[in-house]
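Only the coordinates and a few stated rules stand behind these numbers; no lab work does. Because the structure is predicted, anything quoted here is derived from the model rather than measured. All Cβ positions, even for glycine, are placed from backbone atoms using ideal geometry, and neighbour counts span all protein chains on display.
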Amino acid sequence: MIKSLRSIDTKDAKLAMAHMYVAFTALFVGASAGLLQTLERSGKFNLPSWLGYYQILTVHGVVLGLVLTTFFILGFMLAAQSKTAGKYSSGERKWAWTGFYMMTTGVIITTIFILLNEASVLYTFYAPLMAHPGFYIGLTLVIVGSWVVGVAIFHRHYRWRKENPGERTPLLSFMAVINMLMWQIATLGVAATVLLQFIPWSLGFTDSIDVLVSRTLFWYFGHPLVYFWLLPAYMAWYAIIPKIIGGKIFSDALARLSFILLLLFSIPVGFHHQLTEPGIDPFWKYIQVILTFLVVIPSLMTAFSLFATFESRGRELGAKGLFGWVKKMPWKDVRFLAPFIGMLWFIPGGAGGIINASNQVNQVVHNTIWVTGHFHLTAATSVMLTFFGIAYWLIPSLTGRKLTAKMNKWGIIQTIFWSVGMAIMSGAMHWQGLLGGPRRSAYSEYLGNADTAAWGPYQLAQAIGGSILFIGMVIMIIIFINLAFFAPKGKEEFPVAKLSVDAGETPKIFENWKLWIGVTLALIVFAYTIPFIDIIQNAPPGSPGFKLW
Ligand code: HAS
């Protein structure tokens, strides 16, 4: 029998790869839309008459923020679980495939209505803008499909525990379960607003929509959404990077604790996106700001753990002092370089988040292009560079190919393009935002406006950065195609680190799911019940909305 060159079970590898094909197609489409946006905003380029600015902005946000991320994350988590907990049963695999097809159908439906210009409502689809019902139905399919994939992830973990009673579960499988749990609980909010408000309203069954309720339900989902993107990057930082640098996981317990804290505190914080909105009692905004500061703690724990991992490995290799490890890291290995640069960018990115969350300072930056700069550092740089770093070994290891020295070199070039492009674009966005430059606005809206000249240099810089990023995206797509179809056959390592012998015991309580789900729900009930009742009781008349189709 010929032994497979793939790093995991062949059927599981095909399942994970199916997700990757959609993810990288989304990268191409979404990043191309991004380039057009920055060019339009520079004022040097006019979009063709059949293409609207808000139309491409919707493509960009939906395709990158919802499609690329969800498909990449699910594909990666399925592969990581198959690798560390063992292959899926045929029943579990069927669940995952069903979910995949549901999500893909949903993406096609949503994309059709955006392309028809009947859903130019951006990825946040704020009421009172009303898209074609097909847009909301497509998105519902994506979300419900992801729940169905989640069933496979939960069940595989549950089966491992049954097969290995009393043993510590594989770290990556545990982390995938936490991320999926957070996603399932959080998406209940967006599912509620779409099913109970948007779909009946866009179908004409109701005359109006309660705008504040819809925004509150959206942001109940919106903040954990960004952690759903971040946690897979943390999975790689905690469990994969140590192996790539030749080291060990510093502490299993600390890694699990930080994931549990992220589950607890990432949901009851949605009001920090609504600090300037009337109709929400300031007391409850204050409570959610405090909870936001609590959710920063697991990220600081992650930074601590990463420094510990780097320093321990550095000392093993003879490094001295606090930063001696820097000289000992494998800088020429793109599997390390790309995620590491992602970590570096997360330092200013995270600091920007803390600024956003600080109620008074939020008044300065809210709805300015600073916020766009913030999430291009966090999501589009820290998270995406880590995802690229994962792709360099994951794709060949799933397809039974090798990451060649040539592709490694192209990966390093891609990391440089991405970092330089993002530094220029996101830097200009932060700066313009501090001066009050609004977000989500086309150049054509400024024409004849005194602001046109004032914002010109910043928006030109964004176009330059955006163009460099576009080249980075093209390089990434070429590398992806090479690794998926053309790289030489071989066995590429799926790097998973072992735990350091010096690490302490992992408390059993970390696997007590009833407890963590219970505390998560209790925190949500605490943070949302009273203000939500208040919002409904004191709601002004609903809005009839603006039909965009
Ligand atoms: Fe955010 C808006 C607050 C993190 C994404 N955020 C957004 C939006 C997005 C987004 C998409 O409170 C816009 C939504 C929209 O469309 O309106 N954000 C935070 C806070 C954090 C945070 C407190 N955000 C993220 C992450 C995102 C993301 C992560 C995506 C992945 N954000 C906000 C707020 C708003 C907001 C408000 C609303 C603004 C408004 O007014 O609209 C925190 O989680 C950040 C904690 C992070 C840290 C950094 C830890 C550093 C690490 C790296 C270590 C490096 C090493 C290498 C080891 C504390 C772990 C070192 C090596 C050396 C050599 C030095």
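Once the convex hull of the alpha carbons of the chain is built, what does its volume come to per residue, in cubic angstrom?
156 Å³
For segment 62-102, just say rounded, prolate or oblate: build the C-alpha gyration tensor, square-root its eigenvalues into a ≥ b ≥ c, call rounded for a/c under 1.5, and beyond that prolate if a/b exceeds b/c, oblate if not.
Oblate, since a/c reaches 1.5 and b/c is not below a/b.
Along segment 87-94, what does the Karplus equation 6.51 cos²θ - 1.76 cosθ + 1.60 (θ = phi - 60°) give for ³J(HN,Hα), rounded to whole Hz, x for Gly and Pro?
Per residue, the Karplus-derived 3J(HN,Hα) values read 5, 6, 6, 5, x, 4, 5, 5 Hz.
Quick one: grab the alpha carbon gyration tensor of segment 457-501, order the square roots of its eigenvalues as a ≥ b ≥ c, and give me rounded if a/c is under 1.5, else prolate or oblate depending on whether a/b is larger than b/c.
oblate
As an exercise, use a Förster radius of 45 Å and the Cβ-Cβ distance of Lys489 and Gln537 to find the FRET efficiency, rounded to the nearest 0.05.
0.10
If you rank Trp549, Trp160, Trp183 by fewest surrounding Cβ atoms within 10 Å, what's the result?
Trp549, Trp160, Trp183
List the residues, sorted by chain then number, that are 5 or more residues from Arg401 or on another chain and whose placed amide H is less than 5 Å from its amide H.
Distant-sequence amide H within range of Arg401: Gly490, Glu492.
Excluding the sites themselves, what is the longest stretch of the chain that contains no GluC sites (Glu not before Pro) in a DSSP loop with at most 13 other C-beta atoms within 10 Å?
Result, exposed sites excluded: 168-504.
Which of rounded, prolate, oblate describes segment 508-549, given a ≥ b ≥ c as roots of the alpha-carbon gyration tensor eigenvalues and a/c under 1.5 marking rounded, otherwise prolate only if a/b is larger than b/c?
Since a/c reaches 1.5 but b/c is at least a/b, the shape of segment 508-549 is classed as oblate.
Once phi is turned into θ = phi - 60°, what whole-Hz ³J(HN,Hα) does the Karplus curve with 6.51, -1.76 and 1.60 give for every residue of segment 4-9, x standing for Gly and Pro?
Here the 3J(HN,Hα) series is 5, 8, 6, 7, 9, 3 Hz.
Which cross-chain or sequence-distant (5 or more) residues have an amide H under 5 Å from the amide H of Leu499, H modelled 1.01 Å from N in plane?
Sorted by chain and number, the residues that satisfy this are Ile249.
May I ask you to derive the relative contact order of segment 299-363, considering only C-alpha pairs under 8 Å and at least 6 residues apart, and to give it as an integer percent?
Value for segment 299-363: 16 percent.
Step through the residues of segment 516-529 one at a time and calculate ³J(HN,Hα) from phi using the Karplus curve (6.51 cos²θ - 1.76 cosθ + 1.60, θ = phi - 60°), rounding each to whole Hz and writing x for Gly and Pro.
Coupling constants for segment 516-529: 5, 5, x, 5, 4, 5, 4, 5, 5, 4, 4, 6, 10, 4 Hz.
How many nm separate the modelled label positions at Phe307 and Ala351, each set 7 Å beyond the Cα in the direction of the Cβ?
1.4 nm
On a full-extension model of 0.36 nm per residue, what is the gain between Leu344 and Thr10, subtracting their alpha-carbon distance, rounded to one decimal in nm?
Result for the pair: 116.7 nm of gain on full extension.
If you take the beta carbon distance between Lys44 and Val144 as r and set R0 to 30 Å, what does 1/(1 + (r/R0)^6) give as a FRET efficiency, to the nearest 0.05?
0.10
How many angstrom separate the Cα center of segment 320-345 from the Cα center of segment 88-124?
What the calculation gives is 37 Å, centre to centre.
With a Förster radius of 45 Å, plug the Cβ-Cβ distance of Glu316 and Asn512 into 1/(1 + (r/R0)^6) and report the FRET value to the nearest 0.05.
0.85
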